[in-house]
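J.: Sharing a structure, written as structure tokens. Questions coming.
What follows is calculated from the coordinates using simple rules that are stated; it is not laboratory data. Please read all numbers here as calculations on a predicted model, not as lab measurements. Cβ atoms come from the backbone with ideal geometry, glycine included; neighbour counts cover every protein chain shown.
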Amino acid sequence: MAPASRKSASRPEARPGTRSPAFLSIFPRDFLWGTATCATQIDGGDVHSDWAHFSQVPSNIADGKDCLTACDHWNRFEEDFKLMKSLGMNAYRLGVDWSRMEPRPGELDHGALNHFRSMLDSLQRKGIRPLLTLNHFTLPRWWLDRGGWTREKNLENFLSFASYIVENVGDLVTEYTTINEPNVYAMFAYMEGIWPPGKKGLGGYLQSVKVLRNMALAQGRLYDLIHQTHAVKGFGAPRVGMAKHVRVFDPARPENRLDRDRAAEAEYRFNYMWTDSIHDGHLQGALGKNEKFHDGPCWDFVGLNYYSRDRIRFSATALARLFIDREEVRDAPTNDLGWEIYPEGLYRLMQQFHERYHLPIRITENGIADAADAKREQFLVSHLQQIARALQEGIPVEGYYHWSFLDNFEWAEGYTARFGLVDVDFSSQARTVRNSARAYKKMIAQAQKSGR
């Protein structure tokens, strides 16, 4: 059970459910207010990735549409960044696609690199601090054909790409989220089979463990590579984290021992097994028998991607999922994808990660699929209240990156899930600022004016 908030006479209480903007005065004035995106989901034009190929099979995508154009952000970044600046944001989490930079083994596209540098320079000139993700699910087709993350020897290719990027943009970037959501990638690509390479079943599960293990090994080497490169090149001192998808796992029937047991197992495997490994420098749980792979922690801050809660039920038929099943949400508000809207879960997870790792925290993704823009403003308010609550208790939360800036290609959902603060008409590429974006702008301004 979460402890009660410690109240302060000099600061307003961040009381969940209160729409008053008073809670915004709790945020420090140097708090990072931004959004997050992924290159494949918005850029367009990259034909060499696994997703470019996978999304051209209509049956793989909910609306039968591919990611080859997406938001055409690669060609429209200046327009988009001006819009971002006009909405008051001072931070932006973005990614770089390996397949665009190295379309074939050893063949580096220096023109693409220079274009990406122009994007980073544009952000810097606008006073928007970039947080760079080096791998956000997508892979070059040639690397996936070699086994991708399932083969440890393949890490050399990825680290070579990472070195190329850090050496060439480290003067414009000092903060990194190395790998995005290892747990989600392993699940959807190797257990549920809805992402490339489309594996599932027991064989897919065994491969998913290899994927997570190799991603942990990569994290250790990336951490050292980034710190060493910045030191040698004389760049600014870097901070290296990663973006971890986290969920609340509650038993569907709290009185049922089997439900409680499976909920605890799901929580450990999904939320903590991988991060315990990179924090300790020893492979934990299914990843290895406490094998050392790094001297100490491989991250400087915790990145949390939070969307929802799962209610877990024991299922005797779910062998490949370790007898873990999810109960359909029937008694709570949901987003357009049917995910429960559960703001308190963000507080619970910030508290748990703080107690477990004692590192600064950033909310590297948090958002809602809401095409009508009917729930997004309240979603923002209720989740920011939970961050204020954490700040009141002394939890060092540094920033909030709302998912997403633009409507985008949402992987297997195609263009059906609308997460953007900015609406995108994909037939004309017209951008329209949603009312929730204007509300977010006002919240940012209020926090920066009245904050600590």
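J.: Would you mind calculating the relative contact order of segment 21-450 from Cα pairs under 8 angstrom and at least 6 residues apart, reporting the percent as a whole number?
T.: It comes to 19 percent, rounded to a whole number.
J.: Can you grab the distance from the C-alpha centre of segment 352-408 to the C-alpha centre of segment 140-185, Å, no decimals?
T.: For segment 352-408 versus segment 140-185, the Cα centre distance is 26 Å.
J.: Given H placed on each backbone N at 1.01 Å, which residues far from residue 194 in sequence or on other chains put an amide H within less than 5 Å of it?
T.: none
J.: Multiply the residue gap between residue 237 and residue 153 by 0.36 nm, knock off their C-alpha separation, and tell me the result in nm, one decimal place.
T.: That works out to 27.3 nm of additional length.
J.: Still on this structure, I have one more. Nearest 20 debye, what's the magnitude of the dipole of the chain about its Cα centre given +1 on Lys and Arg Cβ and -1 on Asp and Glu Cβ?
T.: That gives a dipole near 1140 debye.
J.: Any of 199/292; 65/199; 244/442; 200/292; 85/233 with alpha carbons more than 24 Å apart? Name them for me.
T.: Too far apart for the 24 Å limit: 199/292; 244/442; 200/292; 85/233.
J.: What length, rounded to one decimal in nm, is gained on full extension from residue 435 through to residue 258, with 0.36 nm per residue of separation minus their alpha-carbon distance?
T.: In short, 59.3 nm is gained.
J.: Amide H neighbours of residue 315 under 5 Å, counting only residues 5+ apart in sequence or on other chains, H built in-plane at 1.01 Å?
T.: It is 324, 325, by chain and number.
J.: Which aspartates and glutamates have a Cα lying under 15 Å from the Cα of residue 289, excluding residues fewer than 8 positions away in the same chain?
T.: The reachable aspartates and glutamates, counting only those whose Cα sits under 15 Å from residue 289, are 276, 280.
J.: Assuming a viscosity of 0.692 mPa s and a temperature of 37 °C, what translational diffusion coefficient in µm² per second does Stokes-Einstein assign to segment 239-330, Rh being the Kirkwood radius over Cα pairs?
T.: My calculation gives 227 µm²/s for D.
J.: Still on this structure, please answer the following. With a Förster radius of 30 Å, plug the Cβ-Cβ distance of residue 265 and residue 53 into 1/(1 + (r/R0)^6) and report the FRET value to the nearest 0.05.
T.: Computed FRET efficiency for residue 265 and residue 53 comes out at 0.30.
J.: For a protection proxy built on the mean count of beta-carbon atoms within 10 angstrom, sort 109-117, 353-361, 382-390 highest first, please.
T.: 382-390, 353-361, 109-117
J.: Once you place label points 7 Å from the Cα toward the Cβ at residue 227 and residue 416, how far apart are they in nm?
T.: Inter-label distance under the simple model: 4.5 nm.
J.: Among the aspartates and glutamates, which fall within straight-line cross-link reach of residue 153, defined as a Cα-Cα distance under 15 Å, with same-chain neighbours fewer than 8 residues apart omitted?
T.: Reachable aspartates and glutamates: 145.
J.: Sticking with this structure for a sec: What does the charge count near residue 91 come to, summing +1 for each Lys or Arg and -1 for each Asp or Glu among other residues with Cβ under 12 Å from its Cβ?
T.: Within the 12 Å Cβ shell, the charges total +2.
J.: Which value results when the Cα radius of gyration for the chain is divided by 2.2 N^0.38 Å?
T.: 0.93
J.: Given the rule -39500 (n - 2.57) for each run of at least 4 DSSP H residues, summed and divided by the residues of the chain, what is its mean residue ellipticity at 222 nm, to the nearest 500 deg cm²/dmol?
T.: -12000 deg cm²/dmol
J.: Please work out the Kirkwood hydrodynamic radius for segment 307-436, using every pair of different C-alpha atoms, and report it in angstroms with one decimal place.
T.: Result for segment 307-436 stands at 16.5 Å.
J.: Still on this structure, I have one more. Rounded to whole Å and sorted largest first, what semi-axes of the equivalent ellipsoid does the C-alpha gyration tensor of segment 221-289 yield via the square root of 5 times each eigenvalue?
T.: 37, 13, 6
J.: Can you give me the convex hull volume of the Cα atoms of segment 151-198, divided per residue and expressed in Å³?
T.: So the per-residue hull volume is 93 Å³.
J.: Could you pull out every whole DSSP H run in the chain that spans at least 27 Å of Cα extent along its own axis and averages 0.0 or higher on the Kyte-Doolittle scale?
T.: Long hydrophobic helices here: 201-233.
J.: Between residue 79 and residue 110, what is the spin-label point distance in nm, taking each point 7 Å from the Cα along the Cα→C-beta axis?
T.: Going by the 7 Å Cα→Cβ label model, 3.1 nm.
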